[in-house]
Amino acid sequence: MEAAAAKLIGAGLAAIGVVGAGIGIGTIFASFIQAVARNPAAAPHVTPMTWIGFALVEAIALYALVVALLLLFVF
């Protein structure tokens, strides 16, 4: 296998982490909507934790993207 082909395959595999982040974000907001629908008074307490979870999952997606771009353009 040539180095260019291996580089492209590695970048594609690294980008799979973005799919997991998308699933995680969907799960976080589905749980948030369900919690607020069950108990609207808890919304002010649940909202900050939802945004923190969203930020952490989105950071994982950005790490996966950075690794994929590093594999494409640096190595």
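Structure summary
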read-out	value
Residues that are aliphatic (A, V, I, L, M), over 30 Å from Leu8 (Cα atoms) and surrounded by 12 or more Cβ atoms within 10 Å (Cβ to Cβ), drawn from region 43-75	Ala43, Val46, Met49
Residues (outside any helix (DSSP H, G or I) and surrounded by 13 or more Cβ atoms within 10 Å (Cβ to Cβ)) located in region 2-42	Ala15
Given (1) of a type in the set (A, V, I, L, M, F, W, C); (2) part of a helix (DSSP H, G or I); (3) in contact with a Gly (Cβ under 9 Å, 6 or more places away or on another chain), index of the condition Phe75 fails	(2)
Long-range neighbours under 9 Å by Cβ, at least six apart or interchain, first residue farther than 20 Å from Gln34 by Cα and β-branched (Val, Ile, Thr) within region 44-65, second modelled with pLDDT under 95 and in a helix (DSSP H, G or I)	Ile60/Gly17; Ile60/Val18; Ile60/Gly20; Ile60/Ala21; Ile60/Gly24
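The values are calculated or read from the model by the stated rules, or taken from the named source; none is laboratory data. Everything numeric here is computed off the predicted structure, so don't read it as measured data. Methodologically, a virtual Cβ is constructed for each residue, glycine included, from the backbone with ideal geometry; neighbour enumeration extends over all protein chains shown.
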